[in-house]
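Reading through the structure tokens given below for one structure.
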Amino acid sequence: MYDMKALYEAGSVEEAVRLRIEHPEAQIIAGGSDVLVQMREGKRAGKELISIYGIDAMRGVSIDENEAIRIGSLTSFSHITRDPIIQKYCNVLGEAVDMVGGPQIRNIGTIGGNTCNGVTSADSASTLHAWEAIVELTGSNGVRRVPIKEFYIKAGQVDIKPDEIQTAIIIPKESYEGTYGHYIKYAMRNAMDIATLGCSVNVRLSADKKTIERARIAYGVAGPVPMRAESAERYAAGKSVSLETVEQFGAEVLNDINPRDSWRASKAFRQHIAVEMAKRCLVCSIKLAGGEI
Amino acid sequence: MSNVGKSVARVDAFDKATGRARYTDDRCDKGALIARVVHSTVAHGVVKSIDIEAASKVPGVVKIVTCFDVPDIKFPTAGHPWSTDPHHQDVADRLLLTSHVRFYGDDVAAVVAENEVAAAQAARLIKIEYEELPFVLDVQKAMEDGAPQLHEKFKNNILNHTTIRNGDYESARKEEGLICVEGWYDTPTVQHCHIENHICYAYEENGQVVVVSSTQIPHITRRICGQALGIPWGKVRLVKPYIGGGFGNKQDALYEPLCAYLTTQVGGRLVKLDVPREDTFVSNRVRHAIRTHIISYMRPDGTFVARKIECFSDQGAYASHGHGIVAKGMGAFPQQYPCPNVEGDAYTVFTNKSVAGAMRGYGIPQAMWAGECHIDDCARALGVDPLEFRFKNIMKKGYRDGFSKNELYDDSYVQCLEKGKAYLDYDRKVAEYAKQTGPVRRGIGVAAFWYNTAVWPISLETSSCRMILNQDGSVQVQVGETEIGQGADTAYAQMTADVIGLADYKDVHVVSCQDTDVTPFGTGAYASRQTYTAGFSIRQTGLLLKERILKYACELTRQAVYNLDIEEGNIVRTTDGRVLMSLGELATEALYSLTHSEHLSAESTYQIKNNAYSFGCTFAEVEVDIPMCKVKVLDIINVHDCGKLINPALAEAQVHGGMSMAIGYGVSEQLLFDEKTGKPLNNNLLDYKLSTFMDHPHLEAQFVENYEPTSAFGTKALGEPPACSGAPAIRNAVFNATGVGVNRAPMTPHVLFDRFSEEGLIRDFWREEK
């Protein structure tokens, strides 16, 4: 039995926006795998909820008119993993969200919920950062698009206006074209866990596969919000495909990340693992892109 | 024997698989009032005041009771048989609710409301003012002079201290040329994590307080409820339905006494107390964390000359099962690897943490972690193979313990070790893994375990059984030893069928639900004694029933009793094998006869004055990713000599579960407490890293079936033993792979990072590879 004051169910995006305006105190609920857990813990007890879970228009993956990948915010993790468009152009995202919780959570949990929570450990978040995803928000004044990096304001807080809901996540063509990536979730067990550290790397190689044209890397849990390691990215751009490059790429990461000491893991441990993950992810990405290393 | 020894389907398989089996919550009327316990938010303190005004106004709140309302009766909670000798009784140190809180999560108040939401809202609104007292979390710091004291009567927080003095350790260790190995070994606080949280409900009826509870020990809990409420024990009726696991946590009176009290405070109305998982971790019971110090003196040929052991057992805030755990653990030390000169000291010490009680293995998983890690340390110091070192030193056939009179009738250890060695192709792999230098390395490890089956002669062992013959020749059987998921009922059905001579174990209806008003007296499910202990009373009662059946058969058939037997559910003349009548025909005649009507039934008590060793081992193969500080278990086998198997498939399943627990114990599980506040940090199933299906390789279970001569059916312990040797086997495999001995369980990546850093293994393998 959940301690909820009221539940409003939206049948469409417009209705959801209207309900947001009518009930400014209400919490949006999609799959509920986070909201209901928090409600049970008492953190969100007694709140009103606006369920957007029934808005089927917000489900599914497609290629839009600009050849960008459009992922409806209510698309579940298991659907993302099995989606042919994701598998073809951004397989790492499907692999990353396949590491969320267990099968039941992946069936109910949505990518919109995963990002709107604003938590640094979300398995989708580091890959979406590394692929420079765009967040689409729909409100009473229409659609607004925000780069994912700006969407995350601080731990637990994202850029959603009081009359908005997140309707899609978009990966532009320039971001996915010719690009291959790998994600490592570092956790304390192999299922039903949140990341101690998450690392997502992707590369685009030159035609001869000898040079890294572009490398992007993002972490979860290396700071209060998911973050890119920009020094490492700047370093790798234009470098030859080699173990030296990989080595230095890993070392550069420490200029960018700022993990904290907590009972979950020490800073020294997180830093050590972050470097190792960066290197392993880069090697794996290069191999996926057809490079030899 | 046509049923015993076969892998027949569980008697409860269909009901459990279809969801038809009814557990405590399924049986509780949906109109029950809901109780919620309010816990301490300080690690040590005195409640100065409690403000319930706001909480009382929450719609639906029926009653709030606080520590200032409950009777001032202290009671013990441990699920031990009662001792009529006051010196052997468990420590009575609990109140239903307390104003002197001794751990973060202690019970201060309780709300009874019409529904869960109202109960939760009111619980959050209760304001408790504490006078905070200093607290202590570390077991050895708690023993220091000047440490915060938890209980008046126990100086330096020492609940108990026992010793072993065999031979003369101090003189023996002075022998010339001895090699000394010394180590400190730590095990963590862990929780049982049974699927079904503890839940109970209570109401008053017919002048009794009826408590239905998810417990392993209905008759014991009835006694404790009577003690806690200060009412005659017969005024309490305790009912135990199917339970979703216990692993020892439910071998304590948990919230049954409080729930029983709460119903008396609301006019006997039905009150349900369903413990949230977060509270299960903190406010039920945990396994004792034990820190162990071992020193061994050996001759260069590997002979033990003198050994010393010190154990510091973290009791948490209340006595519960207390010193029995570490005493059992230390007791294994001089036996498993016999040595003429042994000095041992075991301390059980109060700290301001969650209360430690019974948990699967009862001190042996901790003792095996310390002892078996140390054995590998000894082998390493001598430069000999750790398995060969075990073969040389481990307890051999013919060993007899003077106190318990336990005897090793077969060469169980050696046979089990040989079997595990063969399965993992030990020699080949040891050679193959000897010269690895890269970042990812493999290793192989072994650990043996010591166990015994029941509690005799430390405590009473008694089992009572009732059997009733139905018209169709089927039989009801009841015992006080409870089904807690382990498959006991199925074993009882198989044993009953064979003793009486029924065709099929399905002709036996085991009354699974114990009800203290109805069920014959037995002390419940604990130790690894169910099949062993109940076996005696089932065999004795079955023979008694059979005798009565055959006596009646004499009347009906006019044949001499010594020429009659029951086979496959028929009365048979043994002289020519002729079937004279079916058991059903006899039973129907017996009940409805106009000349001699008799309800054929039997009931008897058997007091067991034996105990039985149950030994075995684990072999593990691991892959250690050194830069990632991770251990992956690639292969693992447990080998057990638990006597004859009553049901091989169930035995295998029992072993699988224990191996899973052992993997978590060795690699990931630990309940953490904030050093600054004493607050538990990870009391939920996300942050507490119970190992999952994805963390296990194939779990191999094998057996050596030496018939246990003291047993009614040749069987002995298998409940707890599977959980005892897995963790040190994994540790020893990591040792073999990396050369780094990790003495602290669980071997989490954090622990490995620290140890690998100390040993210079956190280095740049990438550069080396280039």
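No lab work stands behind these numbers, since they all come straight from the coordinates. Just so we're clear, the structure is a prediction, and the values are computed from it rather than from any experiment. Cβ coordinates were reconstructed from backbone atoms using ideal geometry, including for glycine residues, and neighbour counts include every protein chain displayed.
Compute the semi-axes of the equivalent ellipsoid of segment A:4-51, taking the square root of 5 times each eigenvalue of the Cα gyration tensor, and list them largest first in whole Å.
For segment A:4-51, the semi-axes come out at 19, 11, 7 Å.
What is the diffusion coefficient of the protein assembly as shown in µm²/s, taking the Kirkwood radius over Cα pairs and the Stokes-Einstein relation at 4 °C with a viscosity of 1.567 mPa s?
41 µm²/s
Averaging sequence separations of C-alpha pairs under 8 Å and six or more residues apart, then dividing by the length of chain B, give the relative contact order as a whole percent.
15 percent
Using the Cβ atoms and a cut-off under 14 Å, what net charge is assigned to the surroundings of B:Gly741, where Lys and Arg are +1 and Asp and Glu are -1?
Counting the neighbours of B:Gly741, the net charge comes to -4.
Please list the non-local residues whose amide H lies under 5 Å from the amide H of A:Ile55, H modeled 1.01 Å from N, same-chain partners needing a gap of 5 or more.
none
For the residues B:Val136, A:Val143, B:Val475, what sequence is obtained by ranking on other C-beta atoms within 10 Å, fewest first?
A:Val143, B:Val136, B:Val475
Let me confirm one metric for peptide A:179-190, namely the mean number of other chain beta-carbon atoms within 10 Å of its residues' beta-carbons.
Neighbouring Cβ atoms belonging to other protein chains average 3 per residue here.
Fewest Cβ neighbours within 10 Å first, please rank B:Glu675, B:Glu343 accordingly.
With the sparsest Cβ surroundings first, the list reads B:Glu675, B:Glu343.
If I require 15 Å or longer along the helix axis, counting alpha carbons, and a Kyte-Doolittle average no lower than -0.5, what helices from chain B are left? Use full DSSP H segments.
B:218-229, B:324-336, B:364-382, B:488-500, B:530-557, B:648-667, B:726-738
Could you grab the relative contact order for segment A:4-51? Cα pairs under 8 Å, six or more apart, rounded to a whole percent.
59 percent
Just the ratio, please: alpha-carbon radius of gyration of segment B:462-607 over 2.2 N^0.38 Å, N its number of residues.
Rounded to two decimals, the normalised Rg is 1.06.
How large is the direction-averaged shadow of the alpha-carbon convex hull of segment B:213-266, in nm²?
Computed as one quarter of the Cα hull surface, the answer is 3.6 nm².
Using just the helices of chain A, give the 222 nm mean residue ellipticity in deg cm²/dmol: DSSP H runs with n ≥ 4 each add -39,500 (n - 2.57), and the total is spread over all residues, rounded to 500.
-9500 deg cm²/dmol
Which value, in debye to the nearest 20, gives the size of the charge dipole of the protein assembly as shown about its Cα centre, when Lys and Arg are +1 and Asp and Glu are -1 at the Cβ?
Dipole of the protein assembly as shown, to the nearest 20 debye: 580 debye.
With 25 Å as the limit, write out which pairs from A:Lys149/A:Lys185; B:Lys397/B:Lys419; A:Lys88/A:Lys267; B:Lys353/B:Lys405; A:Lys161/B:Lys127 have Cα-Cα distances beyond it, or answer none.
Beyond 25 Å between Cα atoms: A:Lys88/A:Lys267; B:Lys353/B:Lys405; A:Lys161/B:Lys127.
GluC sites (Glu not before Pro) within segment B:561-628: which are DSSP loop residues with at most 15 other Cβ atoms inside 10 Å?
B:Glu568, B:Glu598
Cα to Cα, under 24 Å, and not fewer than 8 places away if on the same chain: which lysines meet these conditions relative to B:Lys435?
Straight-distance partners of B:Lys435: B:Lys421, B:Lys630, B:Lys632, B:Lys770.
Could you calculate, for segment A:53-128, the ratio of the Cα radius of gyration to the Kirkwood radius, expressed as Rg to Rh?
Checking Rg against Rh, the ratio lands at 0.94.
May I ask for the Rg/Rh ratio of segment B:257-316, computed from Cα atoms with Rh as the Kirkwood radius, given to two decimals?
A ratio of 1.45.
Using DSSP to call loops (not H, G, I, E or B), can you name the chymotrypsin sites (Phe, Trp or Tyr not before Pro) in segment B:446-537 whose Cβ has at most 16 other Cβ atoms within 10 angstrom?
Of the chymotrypsin sites (Phe, Trp or Tyr not before Pro), the ones in loops of segment B:446-537 whose Cβ has at most 16 other Cβ atoms within 10 Å are B:Phe521.
Counting only Cα, what are the radius of gyration and maximum Cα-Cα distance Dmax of segment B:551-593, in Å?
When restricted to the Cα atoms of segment B:551-593, Rg and Dmax are 9.6, 29 Å.
Just counting partner chain Cβ atoms within 10 Å, what average do the residues of peptide A:265-274 show around their Cβ?
Mean shielding by partner chains, rounded to a whole number: 3.
³J(HN,Hα) across segment A:172-186 via Karplus (A = 6.51, B = -1.76, C = 1.60, θ = phi - 60°), whole Hz, x for Gly/Pro?
Working through the residues one at a time gives x, 4, 4, 7, 9, 4, x, 10, 9, x, 9, 10, 10, 9, 9 Hz.
Could you tell me what percent of the DSSP beta bridges with both partners in segment B:263-400 are antiparallel, to the nearest 5?
50 percent
Could you pull out which residues in segment B:519-561 have an amide N less than 13 Å from a spot 7 Å beyond the Cα of B:Arg400, following the Cα-Cβ vector?
Counting backbone N atoms under 13 Å from the label point, the list is empty.
Among the aspartates and glutamates, which have Cα under 12 Å from the Cα of B:Lys716 when same-chain residues fewer than 8 positions away are ignored?
In chain and number order, the partners are B:Asp641, B:Glu705, B:Glu708.
If the viscosity is 1.306 mPa s and the temperature 10 °C, what Stokes-Einstein diffusion coefficient in µm²/s follows for segment B:513-553 when Rh is the Kirkwood radius over Cα pairs?
The Stokes-Einstein estimate is 132 µm²/s.
Provide the per-residue ³J(HN,Hα) series for segment A:53-66, in order, calculated from phi with Karplus coefficients 6.51, -1.76, 1.60 and θ = phi - 60°, each as a whole number of Hz, with x at glycine and proline positions.
4, x, 7, 5, 4, 8, 10, x, 10, 8, 9, 8, 5, 9
A:Ile29's amide H: which non-local residues (gap 5+, or another chain) put their own amide H closer than 5 Å, with H modeled 1.01 Å from N in plane and none for Pro or chain starts?
Here A:Ile50, A:Ser51, A:Ile52 satisfy the definition.
How do the peptides B:351-363, B:393-405 rank, highest first, by the average count of neighbouring beta carbon atoms within 10 Å per residue?
B:351-363, B:393-405
Over all distinct alpha-carbon pairs, what is the Kirkwood Rh of segment A:60-174 in angstrom?
The Cα-based Kirkwood calculation yields 14.0 Å.
Rg and Dmax of segment B:435-522, Cα atoms, in Å?
21.3, 73
Using the 2.2 N^0.38 Å rule of thumb for compact globular proteins, work out how segment A:182-288 stacks up: its C-alpha Rg over that value, please.
For segment A:182-288, the normalised Cα radius of gyration comes out at 1.05.
Tell me, Kirkwood radius of segment B:1-140 from alpha-carbon pair distances, in Å?
18.7 Å
If you take the Cα Rg of chain A and divide it by 2.2 N^0.38 Å, with N the number of residues, what do you get?
1.00
Given contacts defined as C-alpha pairs under 8 Å and at least six residues apart, what's the relative contact order of chain A, whole-number percent?
Contact order relative to length: 15 percent.
Apply the Karplus parameterisation 6.51 cos²θ - 1.76 cosθ + 1.60, with θ equal to phi minus 60°, to every residue of segment B:710-725 and state each ³J(HN,Hα) to the nearest whole Hz, in sequence, with x for glycine and proline.
Along segment B:710-725, the couplings run 7, 8, 5, 10, x, 9, 7, 3, 9, x, 8, x, x, 8, 8, 10 Hz.
Going by C-beta contacts inside 10 Å, put A:Trp263, B:Trp82, B:Trp369 in order with the fewest on the left.
Least to most surrounded, the residues fall as A:Trp263, B:Trp82, B:Trp369.
I need the calculated FRET efficiency for the pair A:Ser262 and B:Asn684, taking r as the beta carbon distance and R₀ as 22 Å, to the nearest 0.05.
Efficiency, rounded to the nearest 0.05: 0.85.
Using only the alpha carbon atoms of segment B:252-398, find the Kirkwood hydrodynamic radius as the inverse mean reciprocal pair distance, in angstroms to one decimal.
17.7 Å
In the calculated pair distance distribution of segment B:398-478, what percentage of Cα-Cα distances lie above 14 Å?
78 percent
Once every DSSP H run of n ≥ 4 in chain B is given -39500 (n - 2.57) and the sum is divided by its residues, what mean residue ellipticity at 222 nm do you get, rounded to the nearest 500 deg cm²/dmol?
Calculated at 222 nm, the ellipticity per residue is -8500 deg cm²/dmol.
Once you have the Kirkwood Rh of segment B:341-456 from its Cα pairs, apply Stokes-Einstein at 10 °C and 1.306 mPa s and quote D in µm²/s.
Rounded to a whole number, D works out at 92 µm²/s.
Debye sum, Cα scatterers, chain B, no solvent: what log₁₀ I/I(0) at q = 0.05, 0.09, 0.10, 0.11 1/Å?
-0.27, -0.86, -1.04, -1.21
I need the peptides B:311-323, A:228-240, A:90-102 ranked by packing, meaning the mean over residues of other C-beta atoms within 10 angstrom, with the highest value on top.
B:311-323, A:90-102, A:228-240
In Å³ and rounded to a whole number, note down the convex hull volume per residue for the Cα atoms of segment B:522-635.
Expressed per residue, the convex hull around the Cα atoms of segment B:522-635 is 222 Å³.
Each label point is 7 Å from the Cα along the Cα-to-Cβ direction; what then is the distance between the points at B:Thr605 and A:Thr211, in nm?
9.2 nm
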